[in-house]
Amino acid sequence: MLCLVVVLPVLWILLVCLESEKPVIKADIPAVSMSIGASKNLPVAVSDGKRGLRKIRIVIEKDGKEIPLVDKEYQKAGFFSGGQNKEDLLNVLIEPAKMGLADGKAVLRMTVWDHSWQRWWNGNIATIEKEILIDTKRPEMDILSGIQNLNQGGSGIVIYRLSEPCEKNGVYAGGNFFPGYPGSFQDKNIYISFFALEYSKGPGTEIYAEAVDGAGNSIRRGFKVFIKEKKFKKDSINISDEFLNAKMPEFNPAVSQDSKTPLADKFLKVNRDLRAENYNRIKELVKGAEKSLLWEGVFVGFPNAKNMAGFADHRDYKYKGRYLDNQVHLGVDLASVANAPVPAANKGKVVFAGDLGIYGKTVLLDHGYGLFSMYSHLNSFDVREEQIVEKSGIIGRSGSTGLAAGDHLHFSMLVNNIFVNPLEWWDASWISNNVTGKIAAVKSGSN
């Protein structure tokens, strides 16, 4: 019995008080390198699930000097109980200028101690060291492409030169971001950003270029922009029971086929909810655009076709004489003969070929640098995803799949995830004045 009285406390001390597990440090630090600009907030989580936290010290070492960022001690619960704190989350603010740190390489060191009796009651130690680069100089940006003449619902390009590679750079137009792409010029520091002005954004919309380097330093540059206001057509469409009875089964299972559900409710489910879902799907599909320009020259249209509906037509939907819904038509409707061959408007990569809800059978082409064309309501398609299609190559046949009343092609153009007026891209003069002419001027140095 006396032996147990002696042995059990000793075992407890060995197993609990003298535990050798190191505390844990977790910080949002890149595996390769980390740059720190004018200001950086670094979240650091520390924990020790056994004896608890004793102390944390975070410093930056540069040019032989040690600058403390955090030096914190945690309360002890008791001689045998360890520390009161098992975990802590710190937001470490690093402001090099205020700390007297010049630009250049430095070392970030984080050290945590716990309340173990290891190391003669000094505890287990965990340390993370990371070489960092202090870079407080913001990048420089020169706009090379001159004045921008934009149409409401139209497209544009900005060409600019950066003084250094920047993780994020491009154009903001009405709050939407359009990334820049290098590679079109011998100077690898020159970028092109294709951008779009939503149909709902008119004169006065804020548009500017911005670049942010790896340290978080940023620069913005404005440029002269003239925006031509446009009034879009208003239209009224009457929805009949005949149309709904013929079309709603096509949207099973997205829409309940319960005979008790009113046809009007089924239509709203498609026209509102499914339309929104389809747009979210399109936004996902256009991510990761090709980083090279695949297209060349004017975009071709649908041959021998009549224009049945325009871009950004504002539509009211009526059912049995009463207002039911309103939507904006983000493309043009073109009607030819039934089952007519549909050509690719320009060279591009197929990023989607399949069923897309209200758009029916759809093909989406990536033309590079964030420019896309979309072909909808097809009866069939003759291309596969990842395939490169040449300009005027047949991608499918026109039809009436999706929310369409008759055989036609719904044709759309997008810059990133913003629908734009396709008429611009069918206009050789517009392309020359607003796209290829600007590129050629920069290449010749006559910008």
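Results, tabulated for the structure shown:
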quantity	calculated
Test: residue 123 is on the phi > 0 side of the Ramachandran plot, in contact with a strand residue (DSSP E or B) (Cβ under 7 Å, 6 or more places away or on another chain) and assigned to a strand (DSSP E or B)	no
Lone qualifier among 418, 439, 358 - being farther than 26 Å from residue 274 by Cβ and out of contact with any His (no Cβ under 6 Å at 6 or more places or on another chain)	439
Pairs where the first residue, in region 36-62, is closer than 17 Å to residue 95 by Cβ and in contact (Cβ under 8 Å) with a residue 24 or more places away in the chain and the second is of a type in the set (S, T, N, Q) and not in a strand (DSSP E or B), C-beta under 7 Å, 6+ apart	37/136; 37/217; 38/136; 38/217
Matching option when the condition is within 18 Å of residue 111 (Cβ to Cβ), among the polar types (S, T, N, Q) and modelled with pLDDT under 90, among 20, 47	20
Selection count, region 71-89, where residues are within 19 Å of residue 43 (Cα to Cα), surrounded by fewer than 17 Cβ atoms within 10 Å (Cβ to Cβ) and in contact (Cβ under 8 Å) with a residue 24 or more places away in the chain	3
Output for region 147-186, where each listed residue is within 23 Å of residue 137 (Cβ to Cβ), at pLDDT below 95 and out of contact with any Ser or Thr (no Cβ under 9 Å at 6 or more places or on another chain)	164, 165, 167
Number of positions in region 405-417 that are over 28 Å from the mean Cα position of the chain (by Cα) and surrounded by fewer than 20 Cβ atoms within 10 Å (Cβ to Cβ)	3
Qualifying strands (runs of 3 or more DSSP E) (wholly inside region 367-441; at least 2 residues being farther than 29 Å from residue 177 by Cβ)	371-381, 394-398
Positions within region 362-395 being of a type in the set (S, T, N, Q) and buried (at least 21 other Cβ atoms within 10 Å of the Cβ), in sequence order	362, 373, 376
Matching strands (runs of 3 or more DSSP E) fully within region 154-260 where at least 1 residues are farther than 27 Å from residue 431 by Cα and in contact with a Pro (Cβ under 6 Å, 6 or more places away or on another chain)	218-221
Selection count, region 341-361, where residues are surrounded by fewer than 21 Cβ atoms within 10 Å (Cβ to Cβ) and either part of a loop (DSSP other than H, G, I, E, B) or not assigned by TED's automatic domain parsing to the domain that holds residue 380 (or both)	2
Index of the failed condition, residue 80 passing every other in (1) modelled with pLDDT under 90; (2) assigned to a helix (DSSP H, G or I)	(2)
Hits in region 294-335 (condition: among the charged types (D, E, K, R) and either buried (at least 18 other Cβ atoms within 10 Å of the Cβ) or more than 23 Å from residue 350 (Cβ to Cβ) (or both))	306, 313, 315, 316, 318, 320, 322, 325, 333
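The values are calculated or read from the model by the stated rules, or taken from the named source; none is laboratory data. Remember, predicted model here, so these are calculated numbers, not experimental data. Backbone-built Cβ (ideal geometry, glycine too); neighbour counts: all protein chains shown.
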